[in-house]
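Asker: Below is one structure. I have some questions about it.
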């Protein structure tokens, strides 16, 4: 079992060591790593049966991209400010972790996206996978960009905006929510297409069906950027195209709560309780 601690949260390393001690007592083989050590995790992840992340949703996003191709489920400990993906608390973790070891859990599968950037018919970036979202936007200058959007090969519209968010259902509670997008239950396979601060152009979120493909071509007289889960950045030029499709991999999360937990968590995290 891999336990990934946050390099900037010293308390997460102490918790990782305590969890490792418990797992050894239960006959398991824990392996500790910084959640930022991509090379070490990539070399080990195929041999893991479970990933435990100690951090916020950012740590879980990293773990998902590395674990999903191998089908390794993730159990997140909520050590961030606002976590929609974490399942257990850093206090009182012994009982829920014991339940996981006993098989008393269910697995929740989340669709992921795959994004590539193209220039003059040639890929300028590797295929990046995203659990939350793919964003094509303006760079450092506060100037609008024009983005032509195609869905399944059919042109939808051309946006004048700060950018476009292509989001999964998982990402609907993140950046997509901040710009007025709808909230989707995390197990849905739909894709959201949402403009950021549109100006005199189409200003509504579009919910695309499962399996849809999106192409975004950017037109600008300055630099633009592609970001993936807020953790990868690719510089774009005018005329570049970003292609987004559903990834063949799915992130799997260990859940101990009942299957209606999402709506309860949504109200609690956003402080919208009745």
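The values are calculated or read from the model by the stated rules, or taken from the named source; none is laboratory data. Here the structure is a predicted model, which is why all the values come from computation and not from measurement. Here the Cβ positions follow ideal geometry from the backbone for every residue, glycine too, while neighbour counts run over all protein chains shown.
Asker: Which of the residues belonging to the range 8-37 are exposed (fewer than 14 other Cβ atoms within 10 Å of the Cβ) and closer than 17 Å to residue 59 by Cα?
Answerer: The answer is 8, 10, 11, 14.
Asker: Then there is this: Within the range 140-147, does at least one residue satisfy the condition of being more than 17 Å from residue 239 (Cβ to Cβ), at pLDDT 95 or above and in the same structural domain as residue 217 (by TED's automatic domain parsing)?
Answerer: No; the residues of the range 140-147 include none that is more than 17 Å from residue 239 (Cβ to Cβ), at pLDDT 95 or above and in the same structural domain as residue 217 (by TED's automatic domain parsing).
Asker: Taking the range 238-274, which residues are touching a residue at least 60 places away in the same chain (Cβ under 8 Å), surrounded by 13 or more Cβ atoms within 10 Å (Cβ to Cβ) and over 20 Å from the mean Cα position of the chain (by Cα)?
Answerer: Matches in the range 238-274: 240, 241, 256, 257.
Asker: For the range 109-129, which residues satisfy the criterion of being surrounded by 20 or more Cβ atoms within 10 Å (Cβ to Cβ) and either under 16 Å from residue 52 (Cβ atoms) or over 16 Å from the mean Cα position of the chain (by Cα) (or both)?
Answerer: 117, the sole residue that qualifies.
Asker: Does the range 85-108 contain any residue that is under 24 Å from residue 31 (Cβ atoms), out of contact with any strand residue (DSSP E or B) (no Cβ under 8 Å at 6 or more places or on another chain), touching a residue at least 12 places away in the same chain (Cβ under 8 Å) and assigned to a loop (DSSP other than H, G, I, E, B)?
Answerer: yes
Each row is one residue, and each column tells you yes or no for (1) assigned by TED's automatic domain parsing to the domain that holds residue 227; (2) at pLDDT 95 or above; (3) closer than 22 Å to residue 107 by Cα; (4) touching a helix residue (DSSP H, G or I) at 6+ places or on another chain (Cβ under 7 Å).
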residue	(1), (2), (3), (4)
9	no, no, no, no
22	no, yes, no, yes
25	no, yes, no, no
50	no, yes, yes, no
59	no, no, yes, no
76	no, no, yes, yes
81	no, no, no, no
85	no, no, yes, yes
